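K.L.:
Dropping a structure here in structure tokens format, bear with me for questions.
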Amino acid sequence: MALLDSALNDQQREEDLASLKREEFDLVVIGGGVTGAGIALDGASRGLKVALVEAGDLASGTSSRSSKLIHGGLRYLEQYDFKLVKEALREREMMVTSLAPYLVKPVSFLFPLTEKFRERTYVGAGLALYDLLRGFKRALPWHKHLDQKRVAKVAPSLRSDIITGGIQYFDAQVDDARHTMMIARTAKRYGARIATYTEVTELIREGRRVVGVKVKPQEGRAFAVKAKVTVLAGGVWTSLLYKKFGLKPGYEVRMSKGAHIVVPGDAISSESGLIIKTPLSVLFIIPWFGKWIVGTTDTEYKDDPNTPVASKADVDYILTQANRVLTPRLKRSDVIGVYAGLRPLISSAPDSPTTKLSREHIVDRPAPGFVSIAGGKYTTYRVMAEDAVDVASAELRRLVPDSSTAQLPLLGSDGYFALTNKVSHLAKEYGVSEDVIRHLLDRYGSEIVTLLELTRKRPELRGRLDPNLEYLKVEALYAVEYEGARTVVDIIDRRTRIGFESEDHGASIAKDIAEILAKPLRWNAAEKKSQMEAFKAHVKAERSALITS
Ligand SMILES: Cc1cc2nc3c(=O)[nH]c(=O)nc-3n(C[C@H](O)[C@H](O)[C@H](O)COP(=O)(O)OP(=O)(O)OC[C@H]3O[C@@H](n4cnc5c(N)ncnc54)[C@H](O)[C@@H]3O)c2cc1C
């Protein structure tokens, strides 16, 4: 099969919806978070006929709201779960070096110590083990012990009256929403059909066997999609969907809310990210394109999974924990952005014969023709996808090749390192600054050329969307023509991260974005108006924790 166009856009969506109506699939995947997108890529790259159906935008659930770390999970060491840490570290290594090197970047963390010997020995031993577990292939440097003087140099914002030294180690970070979208685009390239803004409303059965799903596109009539296996990757929606589908779950998914705040770069003086032990867990202070993301919280959540928002109490908790070690202290008025997400926490149903409890995630097969997967973490999406497709393949009653995703770089990765050596050449050729090229390379990898070509056709879109942020207007057009964006919120919250990087959540530029999107999405004046109303309501809810009155 020749490689297909990877573009996700209005026309592709229409064609894929038509194909969903007409054809029968090997797998229909419910949910376009990182797990569902990973399953679509795993299945399509094994040669299976795959459809991916997502109720909203790609990554609109938890997969755009994480701490954005690709990590082994230091806390699992404390639980002696070495296998899990080792597996996640192997995934981290692959993502940084070959699978998505333009999106997944190394990041250093400093663990400040408040006591001279016992703590250094304990944390030092843990970090040595963390570094050892990744084996001999090492893209990231080894951890380092720092004395008090060196800590003061690396992180002047750490309180010198209580910090006695520190240990610096490396992990990796990613723009989660862009990464998930790029997995979906890569799946598209290998033949997956992708329908966003299309909800799965019920299962179709023949006797006990599930033979497909009924879907309802946002704008059209509901219809049936035939598939040999239905794979649910519904994250925190899983338990609700089991109930709706009338299936007995082999596990429960509970929700735990985690909030983050974003503060300007100059609010904290440090050359490194910071990790601080809190009474219950840890707090990360993570460098993010000249700003800091600080989080997270961990509170039980029982409300609507569609609308998790940070509360004032979440913001206060994060500030209090960060201020235990920071000077000057962070103030509420420093906070420019805020977001919250829901962790899908799994527990096995006690009497379930259908559940395979594996690592942190669970694969369940509650009925013939139906498989579900939940739990895990962002970092291990690829192994989760592989496990789910392995179980689904058993239902196909034919020989299915093993997963090849460990050797399958995401779209934009091929040629990325070569292009980083051609920054000045590209800048001259397209008449933009080298900084602009670097910004674009770290977002689009080798796909940068298609985007730069758009600036030739539409030179008026070369300027910035927001004067204080690096995003260009042409990126909004590219997002709608190639990345499946369909609303103003998709652009502001997920294709770019203006939603939490800008003090007004993008309110001052939302109208300009609506103008850029209007033509390719065929919006009339009424639709533009309703987009703006939807955006305003979204901002009001997301930022409610920051409203002072
Ligand atoms: C605060 C926080 C911080 C985190 N930090 C990290 C981290 O730093 N590193 C890490 O590795 N992991 C982290 N995680 C965990 C990680 O983000 C999640 O494990 C992962 O994103 C879950 O992805 P998912 O695809 O399973 O779920 P989701 O991304 O939620 O995807 C499920 C999708 O299903 C769709 N859906 C639901 N119902 C339907 C329907 N009826 N029809 C069609 N589609 C439907 C939803 O719209 C949604 O997009 C964090 C999680 C949280 C909450």
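K.L.:
Among the residues of the range 9-30, is any surrounded by 19 or more Cβ atoms within 10 Å (Cβ to Cβ) and within 8 Å of the ligand (Cβ to nearest atom)?
P.N.:
There is at least one residue in the range 9-30 that is surrounded by 19 or more Cβ atoms within 10 Å (Cβ to Cβ) and within 8 Å of the ligand (Cβ to nearest atom).
K.L.:
Here are some conditions: (1) without any contact (Cβ under 8 Å) to a residue 24 or more places away in the chain; (2) within 13 Å of the ligand (Cβ to nearest atom). Asp266 meets all but one. Which one does it not meet?
P.N.:
Among (1) without any contact (Cβ under 8 Å) to a residue 24 or more places away in the chain; (2) within 13 Å of the ligand (Cβ to nearest atom), Asp266 violates only (2).
K.L.:
Mind counting the residues in the range 177-211 that are in a strand (DSSP E or B) and of a type in the set (A, V, I, L, M)?
P.N.:
Taking the range 177-211 first, the residues in a strand (DSSP E or B) are 193-195, 198-206, 209-211.
Those still in the list that are of a type in the set (A, V, I, L, M) too: 194-195, 200, 203-204, 210-211.
Residues flagged as in a strand (DSSP E or B) and of a type in the set (A, V, I, L, M) within the range 177-211 amount to 7.
K.L.:
Let me ask something additional. Sort out which residues of the range 289-317 are of a type in the set (S, T, N, Q) and within 13 Å of the ligand (Cβ to nearest atom), and write them in order of number.
P.N.:
Thr296, Thr297, Thr299, Asn306, Thr307
K.L.:
So which residues in the range 437-449 are of a type outside the set (D, E, K, R) and touching a helix residue (DSSP H, G or I) at 6+ places or on another chain (Cβ under 7 Å)?
P.N.:
Across the range 437-449, the qualifying residues are Ile437, Leu440, Leu441, Tyr444, Gly445, Ser446, Ile448.
K.L.:
What are the residue pairs meeting all of these: first residue in the range 325-336, first residue at negative phi, second residue among the acidic types (Asp, Glu) and in a loop (DSSP other than H, G, I, E, B), Cβ atoms under 8 Å, and 6 or more apart or on different chains?
P.N.:
Taking only residues 6 or more apart or on different chains, the pairs are Ile336/Glu503.
K.L.:
Among the residues in the range 48-64, are any away from the ligand (no atom under 14 Å from the Cβ), touching a residue at least 40 places away in the same chain (Cβ under 8 Å) and either assigned to a helix (DSSP H, G or I) or not aliphatic (A, V, I, L, M) (or both)? Break it down into steps so the answer makes sense when it comes.
P.N.:
Quick first cut of the range 48-64, residues away from the ligand (no atom under 14 Å from the Cβ) only: 48-50.
Among the residues that remain, those that are also touching a residue at least 40 places away in the same chain (Cβ under 8 Å) are: 48-50.
Checking which are either assigned to a helix (DSSP H, G or I) or not aliphatic (A, V, I, L, M) (or both) leaves us with 49.
The answer is yes, given that some residue of the range 48-64 is away from the ligand (no atom under 14 Å from the Cβ), touching a residue at least 40 places away in the same chain (Cβ under 8 Å) and either assigned to a helix (DSSP H, G or I) or not aliphatic (A, V, I, L, M) (or both).
K.L.:
Can you name the residue in the range 360-408 that is more than 11 Å from the ligand (Cβ to nearest atom) and under 17 Å from the mean Cα position of the chain (by Cα) and, of all such residues, is farthest from Lys68 (Cα to Cα)?
P.N.:
Across the range 360-408, the extreme among qualifying residues is Val383.
K.L.:
Which numbered condition trips up Val211, out of (1) within 12 Å of the ligand (Cβ to nearest atom); (2) surrounded by fewer than 24 Cβ atoms within 10 Å (Cβ to Cβ); (3) touching a residue at least 24 places away in the same chain (Cβ under 8 Å)?
P.N.:
Every listed condition holds for Val211 apart from (1).
K.L.:
Among the residues of the range 245-256, is any more than 30 Å from Val335 (Cβ to Cβ), among the hydrophobic types (A, V, I, L, M, F, W, C) and part of a helix (DSSP H, G or I)?
P.N.:
yes
K.L.:
Filter the range 401-445 down to the residues that are of a type in the set (S, T, N, Q) and surrounded by fewer than 18 Cβ atoms within 10 Å (Cβ to Cβ), then identify the one that is nearest to Leu469 (Cα to Cα).
P.N.:
Of everything passing the filter in the range 401-445, Ser433 is nearest to Leu469 (Cα to Cα).
K.L.:
Give, as residue ranges, the strands (runs of 3 or more DSSP E) completely inside the range 325-373 that count at least 1 residues that are outside the structural domain of Gly32 (by TED's automatic domain parsing) and modelled with pLDDT of 95 or more. Before the answer, list the steps.
P.N.:
Numbers: elements: 337-348, 355-358, 361-367.
Once the strands (runs of 3 or more DSSP E) in the range 325-373 are filtered for at least 1 residues that are outside the structural domain of Gly32 (by TED's automatic domain parsing) and modelled with pLDDT of 95 or more, what remains is 337-348.
K.L.:
Next up: Filter the range 221-238 down to the residues that are surrounded by fewer than 19 Cβ atoms within 10 Å (Cβ to Cβ), within 15 Å of the ligand (Cβ to nearest atom) and not aliphatic (A, V, I, L, M) and list them by number. Before the answer, list the steps.
P.N.:
So the first thing to find is which residues in the range 221-238 are surrounded by fewer than 19 Cβ atoms within 10 Å (Cβ to Cβ), and the list is 221-224, 226.
Checking which are within 15 Å of the ligand (Cβ to nearest atom) leaves us with 222-224.
Result: Phe223, single match.
K.L.:
Taking the criterion of being in contact (Cβ under 8 Å) with a residue 24 or more places away in the chain, over 18 Å from the mean Cα position of the chain (by Cα) and closer than 30 Å to Leu4 by Cβ, would at least one residue in the range 240-256 satisfy it?
P.N.:
Checking the range 240-256: at least one residue is in contact (Cβ under 8 Å) with a residue 24 or more places away in the chain, over 18 Å from the mean Cα position of the chain (by Cα) and closer than 30 Å to Leu4 by Cβ.
K.L.:
Answer yes or no: is there a residue in the range 67-87 that is among the hydrophobic types (A, V, I, L, M, F, W, C), surrounded by 24 or more Cβ atoms within 10 Å (Cβ to Cβ), touching a residue at least 60 places away in the same chain (Cβ under 8 Å) and part of a loop (DSSP other than H, G, I, E, B).
P.N.:
The answer is no; no qualifying residue exists.
The values are calculated or read from the model by the stated rules, or taken from the named source; none is laboratory data. This one's a predicted model, so the numbers in the text were calculated from it and none came from an experiment. All Cβ positions, glycine included, derive from the backbone under ideal geometry; neighbour counts span all protein chains shown.
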